[in-house]
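The values are calculated or read from the model by the stated rules, or taken from the named source; none is laboratory data. These figures come from a predicted structure and were not determined experimentally. No Cβ is skipped: glycine too gets one built from the backbone with ideal geometry, and neighbour counts run over all protein chains shown. For accessibility, only protein heavy atoms count, side chains too; no ligands or nucleic acids. Shrake-Rupley method; radii C 1.70, N 1.55, O 1.52, S 1.80 Å.
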Amino acid sequence: MPFQITTTVTCYLLPDDGAQAKADFLAHLLDPGETWIIAYAFTLTGMINDLLAAHKAGIPLHIYLDHSQEVGTVEKPLVQQLVSAGVEVTIGTSPAGSQYICHTKGMVSDPAANGGSLWCWEGSTNFSLSAWKQVNTALVFASQQWRDEFVAQFQGLVEYAWTNEKSMQLMSSPPPDAGKAPAATRARYGLSPAPKNGGAASTPSIPSRNSKAKSGKRR
């Protein structure tokens with residue numbers, strides 16, 4: 001359902017603000033709290049390095065990526081690098097149908113362990129090398145409601161992908177918190193209700209993907 005938030009927003013209009021937006025984005029990744037990312041293109045090298053460092057430091061990371069881009073020759077080895085390091089990555093499309101893409105470029109981070117504040121990023125800017133020189137927008141703000149809605153959608157997307165798009169996955173088994181999507185999100189995505197005892201819905205472990213897929217057009 002649509003919702004409204006009231007907050008202060010830092011607005012970037014690219015390419016004019018591209019250099020600053022990119023610098024601010026990467027700087028934040030150096031010390032995040034628990035983080036959820038939903039993305040289309042995912043080829044920004046500095047971002048990959050920072051996420052690997054955050055994972056090594058014990059920061060919980062949850063990533064959902066569009067399938068059409070993940071199979072591309074540039075993105076695929078970067079994503080595999082994250083998965084091989086133990087970073088949680090789910091691959092998928094749209095609950096409206098596998099013919100539709102995941103086109104969000106968003107991220108939320110809870111306050112870091114050493115302080116800070118909630119951090120939200122949303123806009124048209126891909127997490128790629130070229131996006132910062134394209135005509136794009138990016139918004140940075142702090143909103144608990146946005147964070148909660150974003151995470152609820154993320155959880156629904158992850159469960160939908162592991163239920164209906166298992167062949168796309170690079171991880172050998174679902175994330176530990178798979179099955180925790182809120183009831184309203186589960187209903188919208190056609191997922192079975194969570195167990196009444198409060199436990200996570202079961203999602204079977206599957207072999208990791210080893211078949212080749214065609215690359216989608218990168219934007």
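Each row is one residue, and each column tells you yes or no for (1) surrounded by fewer than 21 Cβ atoms within 10 Å (Cβ to Cβ); (2) in a helix (DSSP H, G or I); (3) of a type in the set (A, V, I, L, M).
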{"position": "TYR12", "(1), (2), (3)": "no, no, no"}
{"position": "PRO32", "(1), (2), (3)": "no, no, no"}
{"position": "LEU51", "(1), (2), (3)": "no, yes, yes"}
{"position": "HIS55", "(1), (2), (3)": "yes, yes, no"}
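Cβ separations smaller than 6 Å between residues 6+ apart or across chains give the following pairs from segment 182-195 residues that are among the aliphatic types (A, V, I, L, M) to residues that are in a helix (DSSP H, G or I) and crowded, with 17+ Cβ neighbours inside 10 Å: LEU191/GLU159. Pairs meeting the criteria (first residue in segment 84-111 and free of Cβ contacts under 8 Å to residues at least 40 places away in the same chain, second residue in a strand (DSSP E or B), beta carbons under 8 Å, at least 6 apart or on different chains) are VAL87/LEU61; VAL87/ILE63; TYR100/SER94. Note on segment 34-49: residues that are of a type outside the set (A, V, I, L, M) and part of a helix (DSSP H, G or I) amount to 3. In segment 118-157, the qualifying residues are those that are among the polar types (S, T, N, Q) and free of Cβ contacts under 8 Å to residues at least 40 places away in the same chain, and the one that is nearest to LEU13 (Cα to Cα) is SER124.
Name the residues in segment 72-104 that are within 26 Å of LEU191 (Cα to Cα), in contact with a Ser or Thr (Cβ under 9 Å, 6 or more places away or on another chain) and open to solvent by less than 50 Å² (accessible area, probe 1.4 Å), would you?
Matches in segment 72-104: VAL83, GLY92, THR93, CYS102.
For segment 160-189, a residue qualifies if it is out of contact with any strand residue (DSSP E or B) (no Cβ under 6 Å at 6 or more places or on another chain), in a helix (DSSP H, G or I) and either open to solvent by 10 Å² or more (accessible area, probe 1.4 Å) or of a type in the set (Gly, Ala, Ser) (or both), and the qualifying residues are TYR160, THR163, ASN164, LYS166, SER167, ALA183, ALA184, ALA187, ARG188. Consider GLU122 carefully, then state whether it is touching a Leu at 6+ places or on another chain (Cβ under 8 Å), open to solvent by less than 40 Å² (accessible area, probe 1.4 Å) and among the charged types (D, E, K, R). In short, no.
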